[in-house]
Every structure is written in C-alpha cells, then in structure tokens.
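One structure is given here, and the rest of the page talks about it.
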Amino acid sequence: MELNDTRQISAAPEIVWAALLDPEVLKECIPGCQELTGSVEDGFEAVVTQKIGPVKATFKGAVTLSDIVPGQSCTISGEGKGGAAGFAKGGAKVGLTPEAGGTLLTYAVEARVGGKLAQLGSRIIDGVARKLADEFFERFQAAVEGPSEDEPAEETDEDTKKKGWFARALGR
C-alpha cells in the first residue's frame, strides 16, 4: 500500500523539524502507541496495539529515522511483530518546505503486512493503513499547531491559543 499526501502546518519549519525528532511527540502521534523509548541516533523501541478488522494485536518493534537531511527531510520506518497476528512494516518519507505562514509537510507512506493480517485482504489493509497514516499526521499537526478553530482552546490568551503543545513547550 502506498499513500502520498501533504499538510500545511502553521508553524516554522524549525518547530516542525524539532517535533519530528521528539520521541514524546512521536509517541503521542502514533495511533495505539503505548510505549516509545530510545533516541533518534539509536532508534526507538515501540509497543503499539492495533485492531485491524477482527484481529487485535500488540506489536513490539523498532522505529528508526534515516536519510536525515536536517531541517528538510527524513524517513521514519517501523517494523513490528504481533505474535500470531503476524507482522507489520512501514515507513514514511517526510519532507518539509518553508511556505508563507508555515511549513508544507509532504509524505509518502508505504506499508506491508504478513501472517493473519495479510489474510484479511488488501482492501481492508489498505483502508486501515490509510486511516493510521492520516491519524498520525493529523495528531502531528495538532501537536505542532494546537487545536483547530472548531475545538475549544485550553487557554484564553490569543497567541497561546494558536500554538500546539509542542510549540508551547519550546516557548515559541
């Protein structure tokens, strides 16, 4: 399964880049992530629980960042084993381009599964993979930008309201 998409993020490229490399941000953004430990340099160990069709499994595996061009692009790869459910492998090539009012984030996602998961059929797998990728990048955008205009903001100060929790943590 392959998926290509873009997101306009209302934050400077430096903030978006810092968020991409932050394990706390990644943990919050990966759907079903229960645990994420490690570092960008050494890779991360992850525990993720997902329900795909009738199969629910806890995957233990690794997340690595490679092909890093500081401030511009990287590849986020993950591989996990879910016991009898099988395995899942995937990655996203992420690129950042400065634009007026923020950053254009582009991504190309690729995913593969094996074992019982593969028996569910490509239509179900493709749909779930698309949903998980969209959810990851929606959460990522929210972490960097803050709540959308439809959601109530946590604080009343106008400048703070527009910032995501990650941008607030950086004091920007």
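Residue-wise test of (1) closer than 21 Å to Gln119 by Cα; (2) of a type in the set (A, V, I, L, M, F, W, C); (3) in a loop (DSSP other than H, G, I, E, B).
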site: Glu28; (1), (2), (3): no, no, no
site: Glu35; (1), (2), (3): no, no, no
site: Gly38; (1), (2), (3): no, no, no
site: Glu45; (1), (2), (3): no, no, no
site: Lys51; (1), (2), (3): yes, no, no
site: Phe59; (1), (2), (3): yes, yes, no
site: Asp67; (1), (2), (3): no, no, no
site: Glu79; (1), (2), (3): yes, no, no
site: Ala84; (1), (2), (3): yes, yes, no
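Checking each residue in segment 110-127 for being out of contact with any Phe, Trp or Tyr (no Cβ under 9 Å at 6 or more places or on another chain) and surrounded by 20 or more Cβ atoms within 10 Å (Cβ to Cβ) picks out Ala111, Ile125.
A Cβ distance below 8 Å, combined with a sequence gap of six or more or placement on separate chains, defines the contacts here; from segment 112-133, residues that are farther than 20 Å from Asp5 by Cβ reach residues that are aliphatic (A, V, I, L, M) and assigned to a helix (DSSP H, G or I) in the pairs Val113/Ile125; Gly115/Ala84; Gly115/Ala85; Lys116/Ala84; Lys116/Ala85; Leu117/Ala85; Leu117/Ile125; Ala118/Ile125.
Among the listed residues Pro98, Pro13, Pro23, Pro31, which satisfies the condition of being within 15 Å of the chain's Cα centre (by Cα) and either over 16 Å from Ala133 (Cβ atoms) or without any contact (Cβ under 8 Å) to a residue 40 or more places away in the chain (or both)? So the residue among Pro98, Pro13, Pro23, Pro31 that is within 15 Å of the chain's Cα centre (by Cα) and either over 16 Å from Ala133 (Cβ atoms) or without any contact (Cβ under 8 Å) to a residue 40 or more places away in the chain (or both) is Pro23. Can you confirm whether Gly91 is surrounded by 15 or more Cβ atoms within 10 Å (Cβ to Cβ), out of contact with any helix residue (DSSP H, G or I) (no Cβ under 9 Å at 6 or more places or on another chain) and either β-branched (Val, Ile, Thr) or touching a residue at least 12 places away in the same chain (Cβ under 8 Å) (or both)? It is true that Gly91 is surrounded by 15 or more Cβ atoms within 10 Å (Cβ to Cβ), out of contact with any helix residue (DSSP H, G or I) (no Cβ under 9 Å at 6 or more places or on another chain) and either β-branched (Val, Ile, Thr) or touching a residue at least 12 places away in the same chain (Cβ under 8 Å) (or both). Which one is modelled with the lowest pLDDT, of the residues in segment 127-144 that are in contact with a strand residue (DSSP E or B) (Cβ under 9 Å, 6 or more places away or on another chain) and small (Gly, Ala, Ser)? This residue is Ala129.
One line per residue, one yes/no per condition, for (1) more than 30 Å from Pro13 (Cβ to Cβ); (2) among the hydrophobic types (A, V, I, L, M, F, W, C); (3) assigned to a helix (DSSP H, G or I):
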site	(1), (2), (3)
Lys89	no, no, no
Leu104	no, yes, no
Tyr107	no, no, no
Ala118	yes, yes, yes
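Scanning segment 1-26 for residues that are crowded, with 18+ Cβ neighbours inside 10 Å and in a helix (DSSP H, G or I) yields Pro13, Ile15, Val16, Trp17, Ala18, Ala19, Leu20, Val25, Leu26.
The values are calculated or read from the model by the stated rules, or taken from the named source; none is laboratory data. This structure is a prediction, so every number in the text was calculated from the model and none was measured. Here the Cβ is made from the backbone with ideal geometry for all residues, glycine too, and neighbour counts use every protein chain on show.
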